[in-house]
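Single-structure report; data block below.
The values are calculated or read from the model by the stated rules, or taken from the named source; none is laboratory data. This structure is a prediction, so every number in the text was calculated from the model and none was measured. In this analysis, Cβ positions are derived from the backbone assuming ideal geometry, glycine residues included, and neighbour counts consider all displayed protein chains.
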Amino acid sequence: MVVLDLFSGAGGLSEGFWRAGAKFAAHVEADKYACETLKTRAAYWALKKSDNLDLYCDYLLGKVTRDELWSKSGSIEKSEVIHKAIGKDTYSDIVKQIHTNMDENRYQNIDVLIGGPPCQAYSLIGRSRMGEKVHNDHRNYLFEFYIDFLHKFKPKIFVFENVPGLKNAGGGKYYEMLMKALRKEYDVPEPEIHNAAEYGVLQNRKRFLIIGCRKNCKLNMAKFAPKQGVNPFDGAIVGDLLHDLPPIKPGQAKNGKGAYSKSPSEYLKKSGIREDSFNILTHHIARPHNDRDREIYKIVINKWNQENHKLKYSDLPKRLINHKNTKSFLDRFNVIKSNKSTCQTMVAHIAKDGHYFIHPDEKQARSLSVREAARIQSFPDDFYFEGPRTAIFTQIGNAVPPLMSEQIAKKIEKLL
């Protein structure tokens, strides 16, 4: 199964297809740090295939440099990643590089096209923040380039992923344009909104999936039903994601070999987030907080842990309220509810502050560490993100949960 991955981000969608045995013609991504993350993950899969993960572990432990990791894992895997923003000025160069990659790897065709354009202009939150500017945002039309790649490479199947708000953005005109273009050469069943929780992700995360099959391929799309309907890890709770990570204070980090405080929970093992044999903790670093924020965090944590009640901003002591319009900030602070089967949606805003993602332990009184956020998105602990903390939080918040994409990818592989 040869896959072309557009608007790749850090590779949450790619990760699922890697697990399903896919080979990649290319990952195309505009962000520098996300591209570096993709290269490192491509190196991981190349080394895993050659049974040489010791080199990858040495990288996690700081024993080899990133350039050494990339060079020793194979130049072909590294060239999969194309660091370019998709647009009119870059389209032909990107197509040329994809063809070069295919020739080097002796790939005859692209079997699957995956990806989804940046969704800020389609999301309800994004539209409200941008106001009238949203109508002139070029990202509204990035789906047209997805269509161009689709018609150029003619894969058997495509997966178009985005936010639920896509259907109604611009009064529905973008969705109509998209569906009309997709259905010219592809059979496309009526798209559905999928919740990552139905795939075993311990998070309430709704995504809009459009999946289609080329009309002359004669694949039975009626049998393709990626939606699980029930959580395959029934009984798991959000606390299962956190229990083996050592306590840390704001601004503190605990990483390295043997840094875990406990053995992995059953959920961590069954979901593949942390295997018994894996013992190198990375990215367990918390952002610093001032005393005022920590005091608020403790109040929010106690309100939930003791009363099972979510605190509103207006409920805080007046001395801790610094916004006059309290109605606009009612949900400003939110704790991760460790006793529930799902938590709130992980979003890229966590890169700006962690107020909406507070750790449930009052003694720690902090927002989530990078690794905790990655786990909520179902990224495995051996997944290493490149870049500064803010850039990594953005990569995590924008990603498709790998546990979700893996199940979609395996059903597509079976269908092919």
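Per this entry, E307 is not counted among residues that are surrounded by fewer than 16 Cβ atoms within 10 Å (Cβ to Cβ), over 17 Å from A197 (Cα atoms) and under 21 Å from the mean Cα position of the chain (by Cα).
In this entry, D240 is excluded by the filter for residues that are in contact with a Ser or Thr (Cβ under 7 Å, 6 or more places away or on another chain) and more than 24 Å from R19 (Cα to Cα).
Considered as a group, the residues in segment 287-304 that are outside any helix (DSSP H, G or I) and touching a residue at least 40 places away in the same chain (Cβ under 8 Å) include one that is surrounded by the most Cβ atoms within 10 Å (Cβ to Cβ), and that residue is H289.
The residues on offer are S271, S277, and the sole one that is within 22 Å of E15 (Cα to Cα) and either among the β-branched types (V, I, T) or buried (at least 18 other Cβ atoms within 10 Å of the Cβ) (or both) is S271.
Give segment 256-268 a look and list any residue that's among the polar types (S, T, N, Q) and surrounded by 19 or more Cβ atoms within 10 Å (Cβ to Cβ), or say none. Residue satisfying the conditions is S265 alone. If only one of Y91, Y56, Y44 is under 16 Å from K23 (Cα atoms), of a type in the set (S, T, Y) and assigned by TED's automatic domain parsing to the domain that holds F7, which one is it? Answer to the selection: Y44.
Considering segment 24-45, the residues that are farther than 18 Å from V95 by Cβ and touching a Phe, Trp or Tyr at 6+ places or on another chain (Cβ under 7 Å) include one that is surrounded by the fewest Cβ atoms within 10 Å (Cβ to Cβ), namely W45. In segment 10-27 there is at least one residue that is among the aromatic types (F, W, Y) and in a strand (DSSP E or B). Considering segment 104-126, and only residues there that are at pLDDT below 95 and not in a loop (DSSP other than H, G, I, E, B), the residue that is farthest from K154 (Cα to Cα) turns out to be I125. Residue-level check: of (1) hydrophobic (A, V, I, L, M, F, W, C); (2) closer than 23 Å to K48 by Cα; (3) within 18 Å of the chain's Cα centre (by Cα), I412 misses just (3).
With segment 342-416 as the region, which helices (runs of 4 or more DSSP H) entirely inside it contain at least 2 residues that are over 23 Å from P288 (Cα atoms) and β-branched (V, I, T)? Of the helices (runs of 4 or more DSSP H) lying wholly inside segment 342-416, those with at least 2 residues that are over 23 Å from P288 (Cα atoms) and β-branched (V, I, T) span 402-415. So is V134 among the β-branched types (V, I, T), touching a helix residue (DSSP H, G or I) at 6+ places or on another chain (Cβ under 7 Å) and either modelled with pLDDT under 95 or not assigned by TED's automatic domain parsing to the domain that holds L209 (or both) or not? Spelling it out, V134 is indeed among the β-branched types (V, I, T), touching a helix residue (DSSP H, G or I) at 6+ places or on another chain (Cβ under 7 Å) and either modelled with pLDDT under 95 or not assigned by TED's automatic domain parsing to the domain that holds L209 (or both). Segment 150-225 holds strands (runs of 3 or more DSSP E) entirely within its bounds, and those carrying 1 or more residues that are farther than 24 Å from Y91 by Cα and not assigned by TED's automatic domain parsing to the domain that holds K340 map to 192-195, 206-214.
Residue-by-condition table, conditions (1) of a type outside the set (K, R); (2) modelled with pLDDT under 95:
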residue: W304; (1), (2): yes, yes
residue: K318; (1), (2): no, yes
residue: N325; (1), (2): yes, yes
residue: V335; (1), (2): yes, no
residue: C343; (1), (2): yes, no
residue: I350; (1), (2): yes, yes
